[in-house]
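Beneath this line is the structure, given in structure tokens, with notes to follow.
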Amino acid sequence: MGKENEKTKSLEERVKLTGKLVWDRYDEAQVKQAFAFAEGYKGFLDEAKTEREAVDAIVKSAQKAGFCAYSQKGKDKRIYRLNKDKSIGLATVGKQPLEKGLRIIVSHVDSPRLDLKQNPLYEELDMVLLRTHYYGGIKKYQWVAQPLAMHGIIVKTDGKKVKIVIGEREGDPVFTICDLLPHLSRKAQEEKKLKEAIEAEKLTILAGHLPFADREAKERVKLRILELLHEQYGIVEEDFLSAELELVPASKARDVGFDRAFVASYGQDDRVCSYASLKAMEGVDAPPFTTMALFLDKEEVGSEGNTGAKSRFLELFTADILRAAGKEPSDVLMKEILFNAKAISADGTAGIDPNYKDVHEAQNNAKIGYGVCLSKFTGAGGKYFSSDASAEYVGEIRELFNRKGITWQMGELGKVDEGGGGTVAKYLALYGMDIIDCGTPMLSMHSPFEVASKGDIYETFRAYRAFLEEG
Ligand code: MN
Ligand code: MN
């Protein structure tokens, strides 16, 4: 290389911003680590297909790592608290007093899906179907002609809960929503807008066909199904009114590609960040500052309700941590701690799709394989509905990630005015804490089969671990 060339190269290295492909930064051992991490992650995805199952799986795993349910007596160092079995907080008491800092990673454990309506059963043309009401941002055409599994609970009038999982075990029946054959769908579907081609009220689940023996009976198939459900689960039709039953893809998490570099599965938004933060929490047992991981529900429907980010669960759990650290949780102290906290809003984001590059702005959107993605802000339009992390906080996180050798990138979601989306950051920002979005880029996000790079998944975990270790 000539002298001029060398000078140019060294200047470029010093002053130009260039993204780094995660695989180029890994040696063989690190590739193995990333792949091994993905194995545990796939197991979590299969075990945790709903918010309730995710919370169960988190409790089970956290208990093994020494976390215990908070009791007001003990001064435990590693505690958790459940919020109605649909969200959960984990915390590890740090070496420094709580007033000096609290580190929070918040992810969500709900995913887009189809819920059964409260009165779902009906019979038509000697078949039993179940009516659904979709939850979160789905593209309805992706949910027809697919094997679906049913997960959830039914609360009977005596208060007993019946847990339902049908369609996951080998040999289980599955459910499906039938689609119209192409021979007859020209007017009914194909000439319509994609959004209107499959109507919400037509997302009905095929669920039975055998008639009750007495030919004089009305709605014989429905009666036979109710009889079956009564025999099998001890439930009656009214019990559906107090049930939460969710239809999710019956498929398992899989490797994708000749080289197995991707994981594809339902529910990676946002269980990828949930799993990464769970593993980071478990692995950091003597943090300088007290650490907390929140796994919240209802993010996909605006964080509403008593299990979402808009609930006051964070305050309650902070009070637990204060007591666990031997302090009386006064309102002022709690506000002070949350005001001074530093947080990561751990949520998946869109990676640039090779087929739809035109909805992205390549210079400022996340690339698959370039590591965990920081988003200074989310929201839509003129930065509406967003929590905007300060330059100072971005600077801190950037310094940390660089120092720890994390492969990371900065990205916003799509082109300006192309669409947009928010996360939970703005609801935690209300307390005054610094918070920034930081999560895994994905392809096919919100579909029944979302795709993420094993390298990006592993860097997400490494980033969260670095933040808890010394953020
Ligand atoms: Mn999400
Ligand atoms: Mn989402």
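The values are calculated or read from the model by the stated rules, or taken from the named source; none is laboratory data. Since the model is a prediction, treat every value here as computed from it, not as a measurement. All Cβ positions, glycine included, derive from the backbone under ideal geometry; neighbour counts span all protein chains shown. Note: accessible area is taken over every heavy atom of the protein model, side chains too, but ligands, DNA and RNA are not part of it. Shrake-Rupley method; radii C 1.70, N 1.55, O 1.52, S 1.80 Å.
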Given the protein chains as shown and a 1.4 Å probe, how many square angstrom of Arg462 are accessible, to the nearest 10? 40 Å²
Heavy-atom accessible area per residue of the chain, all protein chains kept, 1.4 Å probe, expressed in Å², is 49 Å²
Beyond 26 Å, the calculated P(r) of the range 113-249 holds a percent of Cα-Cα pairs equal to 27 percent
Compute the helix-to-body angle for 51-64: its Cα long axis versus the longest principal axis of the chain, expressed 0 to 90° and rounded to tens. 50 degrees
³J(HN,Hα) computed for each position of the range 133-145 - Karplus, 6.51 cos²θ - 1.76 cosθ + 1.60, integer Hz, glycine/proline x: 9, 5, 10, x, x, 10, 9, 4, 5, 6, 9, 8, 6
May I ask you to rank Met334, Met445 by accessible area, largest first, using a 1.4 Å probe over the protein chains only? Met445, Met334
What size of dipole, in debye to the nearest 20, comes out for the range 145-188 about its Cα centre when the only charges are +1 on Lys and Arg C-beta atoms and -1 on Asp and Glu C-beta atoms? 220 debye
Given all pairs of distinct Cα atoms, the range 124-185 yields a Kirkwood Rh in Å of 14.4 Å
Helix 220-233 versus the longest principal axis of the chain: what angle, 0 to 90°, nearest 10, using Cα atoms? 50 degrees
By accessible area with a 1.4 Å probe, ligands and nucleic acids excluded, highest first: order of Val93, Val155, Val15: Val15, Val155, Val93
Heavy atoms of Cys178: accessible area, 1.4 Å probe, square angstrom to 10: 90 Å²
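Under Stokes-Einstein, with the Kirkwood radius over Cα pairs standing in for Rh, what whole-number D in µm²/s applies to the chain at 4 °C and 1.567 mPa s?
Rounded to a whole number, D works out at 54 µm²/s.
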Alpha carbon centroid spacing (whole Å) that separates the range 357-417 from the range 1-65: 16 Å
Once R0 is set to 25 Å, what does the formula 1/(1 + (r/R0)^6) return for the Cβ-Cβ distance between Phe339 and Ala65, expressed as a FRET efficiency to the nearest 0.05? 0.30
Of the accessible area of the chain, with the probe set at 1.4 angstrom, what percent is carbon plus sulfur? 52 percent
Mind pulling up the Rg/Rh value for the range 1-83? Radius of gyration and Kirkwood radius, both on Cα. 1.31
Counting sequence-distant residues (5 or more places) and residues on other chains, those with an amide H built under 5 Å from that of Ile104 are Met292, Lys342, Ala343, Ile344
Taking the inverse of the average 1/r across all pairs of different Cα atoms in the range 87-158, what Kirkwood radius in Å do you get? 17.0 Å
If you take the square roots of the eigenvalues of the alpha-carbon gyration tensor of the range 417-471 and sort them as a ≥ b ≥ c, do you get rounded (a/c under 1.5), prolate (a/b over b/c) or oblate? oblate
Considering only the other residues whose Cβ falls under 13 Å of the Cβ of Leu125, what net charge follows from Lys and Arg at +1 and Asp and Glu at -1? -2
Karplus-derived 3J(HN,Hα), 6.51/-1.76/1.60, for each residue of the range 352-357, Hz, glycine and proline x: 5, 8, x, 8, 10, 4
Take Val301 and Lys161, extend 7 Å from each Cα along the Cα→Cβ direction, and tell me the distance between the two endpoints in nm. 1.8 nm
For a Förster distance of 22 Å, can you work out the FRET efficiency between the beta-carbons of Asp179 and Phe258, rounded to the nearest 0.05? 0.10
Translational diffusion coefficient of the range 52-190 at 37 °C, 0.692 mPa s, Stokes-Einstein with Kirkwood Rh over Cα pairs, in µm²/s as a whole number. 170 µm²/s
